[in-house]
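Asks: Following this message is one structure expressed as structure tokens.
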């Protein structure tokens, strides 16, 4: 078998892994690169392998750095199955369409205002490309084996993180290769904890927060303090937020704060059509998260949903006190950029960063307290207060990752640390060496590694053996998941 790291190597975006073996070529994840310009340019490069040679694509979850390249793959001619969970399918239907519309709008905006170096500016992909990609999605239930051929199969195990998120466990040529995807936190306020892995001969593991432990502070209290301080000076709290997962967590806390009287009754706007649509999906997947139906309904009423561009402009024209939650989470694009242009220069306002900020993004610049950020070709002064609330992260930190891995009784033969900045991945490598005595490695972009398989033949299908192993090793409470509500 051969594993090639087509993305997420030495960076936190662009997840794409090509696994070749058992007469198959399988792509695990198909994400966009985000962050610095040299990374974003990879999205425009030729795909490293002919798409017609791919036999299957398997998604861990719907975030665009894991799924956002699918429309290009479809445009290039891929017509095979894209396997994912039902939650991921439902989220992709919202996210890929929204991403395509946003890219078309931004290209049009750049052409009208002439700030792009390209003549004309073109979208990375179109709504038509996104629709073609969505037709390829084939939903699978959690923990149900799917045979790819006589010598390969896979299953999707709940990973927490966001709706539909999964770890992919592939059985190929007698070996188990696990891809963690983005691993959620054991005590996430909304999502259930990730299911532990029972066994892996080879493991590809995320390392987003491999060099840190999340703050133990209560996120609701942190938000309440930010709101109180900003509202006291009639300011605006601008929250750049990922539309899937993070926006709903913030709305959940806001609903709680308002219900308990810990937050002033000021306007709250969710300026993201995608986030507004995603919020409704929580009512259709109650078996996957901790929220009751009442709580799921509450997050849908915690803010006024801003749908149109004109409504968004009207929000920017308002003054505080108020809260504006808008995408994107790293402030790389979307409507939050226009709000930052309006509200960042005013010292009465606050910019609250509530998620990971990849190097080279506006969010990372704001987290670094730069005096100005570049928006639409101009430098906008940042006089607003900037706060980072790491306790709201939906990624496991290095301690939580280590605890999750302890269910694997026999150390994997090789562990590859991906989806993290170099310092973060290397820190996790050292930590796993010291705590679990596992030897890990950090692959580089486009590196290919050989993974020896096995010629042993047994009477038990490898996916069936993995299922039995999981039943024995996993917490019974985690296996007893309520069914999804459709």
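Asks: Please list, ordered by first then second residue, the pairs with beta carbon atoms under 7 Å, 6 or more apart or interchain, first in the range 428-443 and within 12 Å of residue 414 (Cβ to Cβ), second modelled with pLDDT under 95 and loosely packed, with under 13 Cβ neighbours inside 10 Å.
Replies: If the second residue must be modelled with pLDDT under 95 and loosely packed, with under 13 Cβ neighbours inside 10 Å, no pairs are left.
Asks: If residue 95 meets every condition in (1) crowded, with 20+ Cβ neighbours inside 10 Å; (2) modelled with pLDDT of 95 or more apart from one, which number is that one?
Replies: (2)
Asks: Scan the range 431-469 for residues that are modelled with pLDDT under 95, touching a helix residue (DSSP H, G or I) at 6+ places or on another chain (Cβ under 8 Å) and within 22 Å of residue 405 (Cα to Cα) and report the count. It would help to see each step written out before you state the result.
Replies: Taking the range 431-469 first, the residues modelled with pLDDT under 95 are 439, 452-469.
Remaining after also requiring touching a helix residue (DSSP H, G or I) at 6+ places or on another chain (Cβ under 8 Å): 439, 458.
Going one step further and asking which of them are within 22 Å of residue 405 (Cα to Cα), we end up with 439.
Adding up the residues that qualify gives 1.
Asks: Any residue in the range 16-29 that is surrounded by 20 or more Cβ atoms within 10 Å (Cβ to Cβ) and farther than 19 Å from residue 155 by Cα?
Replies: Scanning the range 16-29 turns up no residue that is surrounded by 20 or more Cβ atoms within 10 Å (Cβ to Cβ) and farther than 19 Å from residue 155 by Cα.
Asks: Being part of a helix (DSSP H, G or I) and out of contact with any strand residue (DSSP E or B) (no Cβ under 9 Å at 6 or more places or on another chain) is the filter; apply it to the range 118-133 and report the residue that is surrounded by the most Cβ atoms within 10 Å (Cβ to Cβ).
Replies: 130
Asks: Can you tell me which condition residue 206 does not meet? The list is (1) under 29 Å from residue 355 (Cα atoms); (2) more than 24 Å from the chain's Cα centre (by Cα), and all the others hold.
Replies: Residue 206 satisfies all of (1) under 29 Å from residue 355 (Cα atoms); (2) more than 24 Å from the chain's Cα centre (by Cα) except (2).
Asks: Restricting to the range 390-406, count the residues that are in a loop (DSSP other than H, G, I, E, B), modelled with pLDDT under 95 and surrounded by fewer than 19 Cβ atoms within 10 Å (Cβ to Cβ).
Replies: 0
So that you can scan it fast, the table gives a plain yes or no per residue for (1) under 30 Å from residue 377 (Cα atoms); (2) surrounded by fewer than 21 Cβ atoms within 10 Å (Cβ to Cβ):
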site: 3; (1), (2): no, no
site: 8; (1), (2): yes, no
site: 32; (1), (2): yes, no
site: 69; (1), (2): yes, no
site: 108; (1), (2): yes, yes
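Asks: Could I ask something else about it? Filter the range 416-428 for residues that are crowded, with 20+ Cβ neighbours inside 10 Å and over 14 Å from residue 17 (Cβ atoms) and give the result.
Replies: 420, 424, 425, 428
Asks: Sort out which residues of the range 407-420 are in contact with a helix residue (DSSP H, G or I) (Cβ under 6 Å, 6 or more places away or on another chain) and either closer than 30 Å to residue 121 by Cα or part of a loop (DSSP other than H, G, I, E, B) (or both), and write them in order of number.
Replies: Listed by number, the list holds a single entry, 407.
Asks: Also, quick follow-up: Report those strands (runs of 3 or more DSSP E) wholly inside the range 144-210 carrying at least 1 residues which are in the same structural domain as residue 87 (by TED's automatic domain parsing) and either closer than 27 Å to residue 295 by Cα or at pLDDT below 95 (or both).
Replies: 152-158, 166-172
Asks: For the range 1-111, list the helices (runs of 4 or more DSSP H) that sit wholly inside it and hold at least 2 residues that are touching a strand residue (DSSP E or B) at 6+ places or on another chain (Cβ under 9 Å); which are they?
Replies: Result: 70-75.
Asks: Looking at 415, 354 in this structure, which one is touching a strand residue (DSSP E or B) at 6+ places or on another chain (Cβ under 7 Å) and closer than 30 Å to residue 448 by Cα?
Replies: 415
Asks: Taking the range 367-381, which residues are farther than 17 Å from residue 239 by Cα and part of a loop (DSSP other than H, G, I, E, B)?
Replies: Scanning the range 367-381 gives 370, 371, 376, 377.
The values are calculated or read from the model by the stated rules, or taken from the named source; none is laboratory data. Remember, it's a predicted structure, so these values are computed and weren't measured experimentally. Using ideal geometry, Cβ is built from the backbone for each residue, glycine included, and neighbour counts are taken over all protein chains shown.
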